[in-house]
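Everything below concerns the one structure shown next.
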Amino acid sequence: MNCHDATARFSDLRDGHLSGDELAEVERHVTNCPVCRTEWVYFREAVEALHGLGSVEPSPGFAARVRAKIEAPPWHRRLARRLFIPWEIKLPLEAAALVLVAIGITVIYQRSPEMGQGVERPQVSRPPAQIETRQRDGTKLKRPAFREEERGARQPQVTPLTKGVTGPLRDDALGQARTDQDQRSGSTVSEPTPPKESPAPALTSPREAGQPTPPAAALEAKPTERLESADSARPLSALARSAAPAPFRIITLRTRDVASAEDRIRAWIGLVGGRLLDPPAASAPTPSEQRTLSLIVPVRAVPRLDALLVELGQLLGREFDVPPSDEVLISLTLSPKMAAPSGSE
Amino acid sequence: MKEETLITAQTRAVGQHDDDLAAIERASAGDGAAFEALVRKYQGWVFTLAYRMLGDRADAEESAQEIFLKAYRALPRFERKSKFSTWLYSIATNHCLNQLESRRRRPRFQEIGGSERAQGNPSPLVEAIVDPTPGPEQALEQDDMRRLVQRHLFDLTPEHRTVLVLRDIQGLAYGEIGELLGLAPGTVRSRLHRARMELKDRLKP
């Protein structure tokens, strides 16, 4: 047995796996060979050193920690719990989100009045087809419907005034407004003034006309009529803006002498700071001729006007509910009152 | 020479597998206390294996916990024919080898130092990193010889380190080592001899 054979059996020799002749030969070689004897000593000490390392214990509580881990819910359940279970955190977040959304909607709504108008006036939506508009010369003019909607959106404040203005009153107001505009702007351009003598008084007393009192909505022009007169209504709205006579009254005064009543009214209105939109008639009116006047009267002077009219004759009429204003536009019809038999009134 | 029998606490635990069966049954049914008893019984063996294989106390404790968690989850698949200890040691050994493999892919300071010492050319910087002032794991090794052996043991290849730890520290028989590592007894014997000779050469003055 040589040194290589002997060292190859060191492990078996160390672990007691050799026996018989093989064990005797290895022991004999290791005893007689100084190199192998030294190597055997180192080999045996190395293995003994490994044995000397011994066992190592984990830190105290190791088994309890392992048990806690095996009894802990699985990771997906812990994740779900972290995400959804802490309601005390999640609910306030949701509530805060709702509050922020509500505040945002409120701010947008307040800063965008068009949005509020769109909500309040859903009837604005009309067929997208072109709308036929009749011009003054009778020709029809086609234009997109949205222009009408735009005009309505730009001038929402004149709607109450134009509601009840029809017929000669509108034309009279139109002419006066144009005169006022020309005087203010210094413009020399003159447009044809509508005829002052209207063929039929539109603001006659409902009782006299034998018709029921028209409600405010009934006085509003039909959609087609409004579209046809949209161009002529524009100066009136300008007048309304300049004079701001938002309230509106329709009054009929039945008097014995229309001419003298008109004179009294013309004299009186200058004293209270009001104005009369109708110029004096070209020829002196007869006492029995019916006249229609458009007055702009300060609100504070309305009771005095009523007192004057009561003094002049029998007063009929009505007043519409409109926003408060400093002045009131009054359509006054002076109607001749026939002498009634005594005791009839 | 008579065969030397290594009697350690771990080998005594290996022989008591009959006592484990009842605890295994209860633990399989979800009894945490029964599994905690098994952990107490085998924690020394598992932790020693992890510490000698990984060379770091914190890593060893974390790995030991993971080994027991793996064992607990695999309990329903445990075949009662084999010893619970052998089955548990197999899980522990494979886990440690996997840890060493993942470390090899992600080198750390200790392994860099170890490879340089293996080449016989340790730089002062690496020595300072590897052997700083005694920490918790160094405190465990009161004896300089133990520290030296542990360091040289860590310098061996994982295969040599494993058979040395299983045989000369944990005291398993050749057959058990072959069962754990999936090796033939002759392969275990030759690999163990080469590992011992390499350690001897490293420890030789």
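Here, each number is a calculation from the coordinates, and none is a lab measurement. Please read all numbers here as calculations on a predicted model, not as lab measurements. Using ideal geometry, Cβ is built from the backbone for each residue, glycine included, and neighbour counts are taken over all protein chains shown.
Around B:L181, under 14 Å between beta carbons, what's the net of Lys plus Arg minus Asp minus Glu among the other residues?
+1
Label-point separation (nm) for B:M145 and A:E25, each offset 7 Å from Cα along Cα-to-Cβ?
For the pair B:M145/A:E25, the computed spacing is 3.3 nm.
Mind giving me the FRET efficiency for A:V35 and A:A96? R0 is 56 Å, r the Cβ-Cβ distance, nearest 0.05 is fine.
Calculated value: 0.10.
Applying a 10 Å radius around every beta-carbon, put B:66-72, B:146-152, B:22-28, A:30-36 in order of their mean neighbour count, most first.
Ranked from most to least packed, the peptides come out as B:66-72, B:146-152, B:22-28, A:30-36.
Ranking A:D21, B:D59 by Cβ neighbours within 10 Å, fewest first, what do you get?
Sorted ascending by nearby Cβ count, the order is A:D21, B:D59.
Give me the distance in nm between label points sitting 7 Å out from Cα along the Cα-to-Cβ direction at A:Q314 and B:F78, one decimal.
Between A:Q314 and B:F78, the label points sit 11.7 nm apart.
Could you work out the mean count of beta carbons from other protein chains within 10 Å of each residue's beta carbon in A:66-75?
Per residue, the average neighbour count from other chains is 5.
Report the local net charge at A:R300: Lys and Arg +1, Asp and Glu -1, summed over other residues whose C-beta lies under 11 Å from its C-beta.
Around A:R300, the charge tally is -1.
Tabulate in residue order the Karplus-calculated ³J(HN,Hα) for segment A:57-62, using 6.51 cos²θ - 1.76 cosθ + 1.60 with θ = phi - 60°, rounded to whole Hz; enter x for Gly and Pro.
Karplus-based 3J(HN,Hα) across segment A:57-62 equals 9, x, 5, x, x, 4 Hz.
Given H placed 1.01 Å from N in the peptide plane, which residues other than close sequence neighbours of A:R249 have an amide H under 5 Å from its amide H?
Those lying under 5 Å, H to H, from A:R249 are A:L329, A:I330, A:S331.
Between A:D278 and residues 5 or more places away or on another chain, which pairs have amide H atoms under 5 Å apart, with H built 1.01 Å from N, and which residues are they?
Distant-sequence amide H within range of A:D278: A:S294.
Under 11 Å from the Cβ of B:D31, count the other residues' Cβ atoms, weight Lys and Arg +1, Asp and Glu -1, and hand me the total.
Neighbour charge sum, excluding B:D31 itself: -1.
Rank the residues B:R167, B:R103, A:R77 as a footprinting-exposure proxy: fewest other Cβ atoms within 10 Å of their Cβ go first.
A:R77, B:R103, B:R167
Counting only other chains, and only Cβ atoms inside 10 Å, what mean value do you get across the residues of B:147-153?
Taking all residues of B:147-153 together, the mean is 2.
For the residue pair A:Y109 and A:H76, what label-to-label distance in nm results when each label sits 7 Å from Cα along the Cα-to-beta-carbon direction?
For A:Y109 paired with A:H76, the spin-label model returns 4.4 nm.
Using the Karplus equation 6.51 cos²θ - 1.76 cosθ + 1.60 (θ = phi - 60°), what ³J(HN,Hα) coupling, rounded to whole Hz, does each residue of segment A:296-305 give in order, writing x for Gly and Pro?
Result, ordered by residue: 10, 10, x, 4, 5, 9, 4, x, 5, 4 Hz.
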